[in-house]
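Engineer: Here it is, the structure, as structure tokens.
Bear in mind these aren't lab numbers, they're just calculated from the coordinates by the rules spelled out. These numbers were taken from a predicted model, which means no experiment stands behind them. Please note: Cβ atoms are built from the backbone with ideal geometry, for glycine as well, and neighbour counts cover all protein chains shown.
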Amino acid sequence: MTNQTLVIASSNPGKVREFEGLLNELALTVKAQPDGLEVEETGSTFSANARIKALAVAADTGEWALADDSGLSVDALDGAPGVHSARYAPSDPERIARLLKALEFEDDRRARFCAALCVAAPDGTVLLEVEGQCKGWITRSPRGDQGFGYDPIFEVEGTLKTFAEMSLQEKKSHGHRGRAFTLLEPRLQQLLSQQ
């Protein structure tokens with residue numbers, strides 16, 4: 001086992017690609033979790049779900065694992081879809097359609113993306129945990145073709161762009177995962193230097 005390998009605890013190819021881009025300057029090998037490994041997200045918070053996934057994938061693979069749980073909280077929907085963001089509907093287009101329908105006659109479209117990151121070791125140790133947020137609002141229709149999930153309908157505060165209209169670098173500096181990663185990166189670098 002080498003601690004310089006970091007398994008991304010996700011079966012979502014878009015999320016794995018995004019993390020590969022965010023982690024490309026660190027001295028480690030990044031790989032996706034094994035096919036067929038499913039971890040049930042039973043936590044009531046983003047942080048709890050990230051911890052559950054990181055610990056399970058680290059134990060299964062014998063490698064360090066990085067998990068995130070992130071989601072969209074919409075003010076007018078009392079924080080929904082929240083921790084159920086990925087399960088709000090079966091596919092990205094259906095999730096977007098359901099959310100736009102729920103907000104069809106709503107003027108208050110304020111929302112925020114939250115991302116909780118957790119790095120765990122195979123021995124059950126939680127090495128790092130951080131959270132990042134990004135404020136914005138839900139657009140009336142999708143814009144852009146980058147990213148995944150709710151990216152085409154979330155306009156980031158102060159940018160006039162949805163996540164789906166941003167480059168990876170823009171998303172890294174403005175996005176919830178990028179903000180969480182900015183907190184995680186120096187601490188992860190320090191851990192790697194101690195190996």
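Engineer: Which part of segment 99-142 falls in the paramagnetic zone of residue 159, meaning amide N under 19 Å from the point 7 Å along Cα-to-beta-carbon?
Structural biologist: 109-117, 131-142
Engineer: Test of understanding: ordering 63, 94 by Cβ neighbours within 10 Å, fewest first, what list do you get? All intermediate terms of the calculation are to be shown ahead of the outcome.
Structural biologist: Values: 63 21, 94 11.
The order, fewest Cβ neighbours first, is 94, 63.
Engineer: Let me have the relative contact order for the chain, percent, based on Cα pairs under 8 Å that are six or more residues apart.
Structural biologist: 19
Engineer: Assuming R0 = 22 Å, what is the FRET efficiency of residue 37 and residue 123, from their Cβ-Cβ distance, to the nearest 0.05?
Structural biologist: For residue 37 and residue 123, the calculated efficiency is 0.75.
Engineer: Suppose each label sits 7 Å from its Cα in the direction of the beta carbon; what would the residue 105-residue 84 distance come out to in nanometres?
Structural biologist: So the label points at residue 105 and residue 84 sit 2.2 nm apart.
Engineer: Across the chain, how many lysine pairs, 8 or more positions apart or on different chains, have C-alpha atoms separated by under 28 Å? Please give the number.
Structural biologist: The number of close lysine pairs in the chain is 21.
Engineer: Could you tell me which of 32, 141, 49 has its Cα farthest along the dipole of the chain towards the positive end, charges placed at Cβ (Lys, Arg +1; Asp, Glu -1), taken about the Cα centre?
Structural biologist: 141
Engineer: Something else now. So what's the gap between the Cα centers of segment 86-142 and segment 2-48, to the nearest angstrom?
Structural biologist: Computed from Cα coordinates, the inter-centre distance equals 17 Å.
Engineer: So, how do all the Cα-to-Cα distances of segment 5-193 break down into 10 Å bins, in percent, from 0 on up?
Structural biologist: All Cα pairs considered, the percentages come to 10, 38, 35, 15, 2, 0.
Engineer: Can you name the helices of the chain, as whole DSSP H runs, whose Cα span along the helix axis is 20 Å or more and whose Kyte-Doolittle mean is not below -1.0? Present the calculation step by step, with values, prior to reporting the outcome.
Structural biologist: Details: long enough: 46-61 (22 Å, 0.58); 176-193 (26 Å, -0.39).
Correct list, ordered by number: 46-61, 176-193.
Engineer: Now a separate question. Roughly how big is segment 19-71's charge dipole about its Cα centre, with Cβ charges of +1 (Lys, Arg) and -1 (Asp, Glu), in debye to the nearest 20?
Structural biologist: On the way: 3 positive and 10 negative charges, 31 e Å.
Here segment 19-71 has a charge dipole of around 140 debye.
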